[in-house]
Amino acid sequence: MRVVGAASVAMLGLKGVEGFLGVSSASRSMMMARGRAPFVASDKSERKGVTRVQLFEDSLREGAVSINSMNDELESLLEELRSQDFFRLYSVDMLASCEYMPQELFECYTESCEIYPIDEEDIPDKIRIKDYDEHDFEMDGWARWDMPSDDYYDVAQFPEEFTGYDGSDVWRFIHARICFYDNDNDYYDADSWKADFNKAVSGLHSMISAHIVKGIQDKIQAGEPLQDGTPWTDPQQEFNRRLSPDGETPRAISNLYFGYMLMLTAVSKARTRLLQDCDAQIIDPQAADALRPVLSHPLFDDLSITVASNNLLGHANMEQDSLWEARMRTRELMRIMNCVQCNKCRLHGKIAVLGLSTALQVLLGSGGEGGDELKMHRVELAALMTTLSKFSTAVSYCQKMTTN
């Protein structure tokens, strides 16, 4: 069995949530230097004499209310689903090199950093064979998952947690270089699908930030020591800085809900395929028993959550010829995960990116007409549901923190 060293945070850690609507601090500085401000929604309210950005865009408010009223039950169902082999086992290349930026090798050999592949005899044959049979190379696909091997990792054995890893360099690269921005066009206009793409990436970032802050709080409540030298020790302070409307990224929570709505709608569209796999026992009976209650949850049928995907589809259908740019960027988003020098973070980061890419594949397809969920692979379905669970937990945590 091979031991993989890691520096960590359960997913990508960072010093600050960079990326208001997907715009990093560096990009904002470049924009301001060129006399252009990044797009900022103008809805504001007065509270105690302070002007502040509201928690949600107006268009998302009704869907956010529905989510807040029904998410707790769905979160519990998704947690049970993630305990099933079909949704917890992933063959991931943890040794791939970073191709985007020079890095000093940073290894971590503490217990919180190391992750191990499961023993080969514990890999279910059905999952191993399915992953090998389905793996292919698509030149213009939404994502390219790692070539399957005998190294499978169990995300239930190595769940999301706070470990103190700082992934801010990776996030700066994502927001400045992978998200949409150039000198001639303002891609943060509200009527552009490129703005929707940036919101989705920003929502992914917010989801990860919520897990980081929750991980800090979990460790403190459990009486576990935080890493020596970590500057992040106060969960409320970190939440305010990373996710609050008054913090560094005023639209962090709004974009989190935008991303969650995309995930919910994508799973709703993939229900037929998932249920077919249950009936055909491609998904094993125990996992199917956990999946069916999830798919029958009323939140998937609430029309208010479709506003995000409707906006995305409407914008995409106005610019169908340029959607290849989105597919190229989701592939690059997957590859930049190899620059995360924390294998626990890399594992969860890759799964989350695949989940979001799969959602975009289902919603948009190749030209805005929607994808064929019958062509989805086992690992894509698993990542889709796992990432939905990650968003659900992040939303639940943010709801509690904003209520408090």
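The values are calculated or read from the model by the stated rules, or taken from the named source; none is laboratory data. These numbers were taken from a predicted model, which means no experiment stands behind them. Because the Cβ atoms are built from the backbone with ideal geometry, glycine has one as well, and the counts that use them run over all protein chains shown. Note: areas computed on protein heavy atoms with side chains; ligands, DNA, RNA excluded. Shrake-Rupley method; radii C 1.70, N 1.55, O 1.52, S 1.80 Å.
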Residue satisfying all of: in the stretch 291-344; assigned to a helix (DSSP H, G or I) and among the small types (Gly, Ala, Ser); modelled with the lowest pLDDT among these:
SER322
If a residue must be modelled with pLDDT of 80 or more, in a loop (DSSP other than H, G, I, E, B) and more than 23 Å from the chain's Cα centre (by Cα), how many such residues does the stretch 89-136 contain?
6
If we keep just the residues of the stretch 332-355 that are of a type in the set (D, E, K, R) and touching a helix residue (DSSP H, G or I) at 6+ places or on another chain (Cβ under 8 Å), which is nearest to LEU384 (Cα to Cα)?
LYS350
Please find, within the stretch 345-385, the residue that is surrounded by the most Cβ atoms within 10 Å (Cβ to Cβ) out of those that are β-branched (Val, Ile, Thr) and more than 10 Å from the chain's Cα centre (by Cα).
THR358
Subset of the stretch 274-325 (residues that are over 28 Å from PHE87 (Cα atoms), in contact (Cβ under 8 Å) with a residue 60 or more places away in the chain and surrounded by fewer than 19 Cβ atoms within 10 Å (Cβ to Cβ)):
MET318, GLU319, TRP324, GLU325
Of (1) in contact (Cβ under 8 Å) with a residue 12 or more places away in the chain; (2) closer than 30 Å to ILE129 by Cβ, PHE258 satisfies all except one. Which?
(2)
Out of curiosity, is ARG144 open to solvent by 60 Å² or more (accessible area, probe 1.4 Å), closer than 29 Å to ILE118 by Cα and either in a helix (DSSP H, G or I) or in contact (Cβ under 8 Å) with a residue 24 or more places away in the chain (or both)?
yes
